[in-house]
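K.L.:
Structure provided below as structure tokens; questions to follow.
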């Protein structure tokens with residue numbers, strides 16, 4: 001890891017912004033910088049997920065606490081159902097954003113047929129998401145870790161798992 005850090009620092013020191021951006025587009029950067037760009041793409045996808053989920057929860061399928069639906073306060077059952085719908089829509093849109101930004105800035109396509117590549121990409125996203133949804137509550141219930149730590153560990157584990165599978169299975173190296 002010290003080599004990855006020193007390689008990344010040297011790369012940043014030796015190149016101007018225009019060259020760095022050009023090399024990112026060509027995918028000719030040290031692995032730590034590639035992972036940082038991957039993180040930015042994931043951050044954008046996460047932002048899309050949150051905005052879509054919240055927007056839909058307010059405007060399309062009511063899912064926020066205290067909302068009035070058909071003249072009565074929203075029930076927990078309806079709120080839960082609508083939140084699931086909103087989250088699925090948000091996941092689908094965020095997954096497309098993640099895929100597009102990953103092929104533009106991080107990975108090289110062509111290992112698989114484009115349709116199969118997108119299916120694999122989505123499958124990795126979904127499996128990682130599902131594992132994180134199981135692991136977080138398990139850490140809380142079995143080890144008593146804080147919710148914030150459980151959430152952070154989910155994000156870190158998902159990012160690493162997604163990166164490895166996408167780099168070595170979904171896309172060309």
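The values are calculated or read from the model by the stated rules, or taken from the named source; none is laboratory data. Computed from a predicted model, the values in this text were never measured in an experiment. For neighbour counting, all protein chains shown are included, and Cβ atoms are generated from backbone atoms with ideal geometry for every residue, glycine included.
K.L.:
Determine if the stretch 8-27 includes at least one residue that is in contact with a strand residue (DSSP E or B) (Cβ under 9 Å, 6 or more places away or on another chain) and either not in a helix (DSSP H, G or I) or not assigned by TED's automatic domain parsing to the domain that holds residue 166 (or both).
P.N.:
Taking every residue of the stretch 8-27 in turn, at least one turns out to be in contact with a strand residue (DSSP E or B) (Cβ under 9 Å, 6 or more places away or on another chain) and either not in a helix (DSSP H, G or I) or not assigned by TED's automatic domain parsing to the domain that holds residue 166 (or both).
K.L.:
Six or more apart or on different chains, Cβ atoms under 7 Å: show the pairs whose first residue is in the stretch 143-172 and without any contact (Cβ under 8 Å) to a residue 12 or more places away in the chain and whose second is surrounded by 15 or more Cβ atoms within 10 Å (Cβ to Cβ).
P.N.:
Going by the 7 Å Cβ cut-off, the qualifying pairs are 145/139; 147/140.
K.L.:
Among the residues of the stretch 55-74, write down those that are in contact (Cβ under 8 Å) with a residue 12 or more places away in the chain and assigned to a helix (DSSP H, G or I).
P.N.:
Selection gives 56, 57.
K.L.:
Looking for whichever is on the phi < 0 side of the Ramachandran plot and touching a residue at least 24 places away in the same chain (Cβ under 8 Å) here; the options are 5, 9. Which one fits?
P.N.:
When all the criteria are applied, what remains is 5.
K.L.:
Could you tell me whether any residue of the stretch 50-71 is farther than 28 Å from residue 9 by Cα, under 12 Å from the mean Cα position of the chain (by Cα) and surrounded by fewer than 18 Cβ atoms within 10 Å (Cβ to Cβ)? Step through it out loud before you land on a result.
P.N.:
Quick first cut of the stretch 50-71, residues farther than 28 Å from residue 9 by Cα only: 50-71.
Now narrow it down to the ones that are under 12 Å from the mean Cα position of the chain (by Cα): 50.
Subset that is surrounded by fewer than 18 Cβ atoms within 10 Å (Cβ to Cβ): 50.
Yes, because at least one residue in the stretch 50-71 is farther than 28 Å from residue 9 by Cα, under 12 Å from the mean Cα position of the chain (by Cα) and surrounded by fewer than 18 Cβ atoms within 10 Å (Cβ to Cβ).
K.L.:
Here's another thing I want to ask about it. Considering only residues of the stretch 80-99 that are in contact with a helix residue (DSSP H, G or I) (Cβ under 9 Å, 6 or more places away or on another chain) and without any contact (Cβ under 8 Å) to a residue 24 or more places away in the chain, which is surrounded by the most Cβ atoms within 10 Å (Cβ to Cβ)?
P.N.:
Among residues in the stretch 80-99 that are in contact with a helix residue (DSSP H, G or I) (Cβ under 9 Å, 6 or more places away or on another chain) and without any contact (Cβ under 8 Å) to a residue 24 or more places away in the chain, the one surrounded by the most Cβ atoms within 10 Å (Cβ to Cβ) is 99.
K.L.:
Mind listing just one residue for me: the one in the stretch 135-148 that is surrounded by 10 or more Cβ atoms within 10 Å (Cβ to Cβ) and in a helix (DSSP H, G or I) and, of those, modelled with the lowest pLDDT?
P.N.:
So the residue we want is 147.
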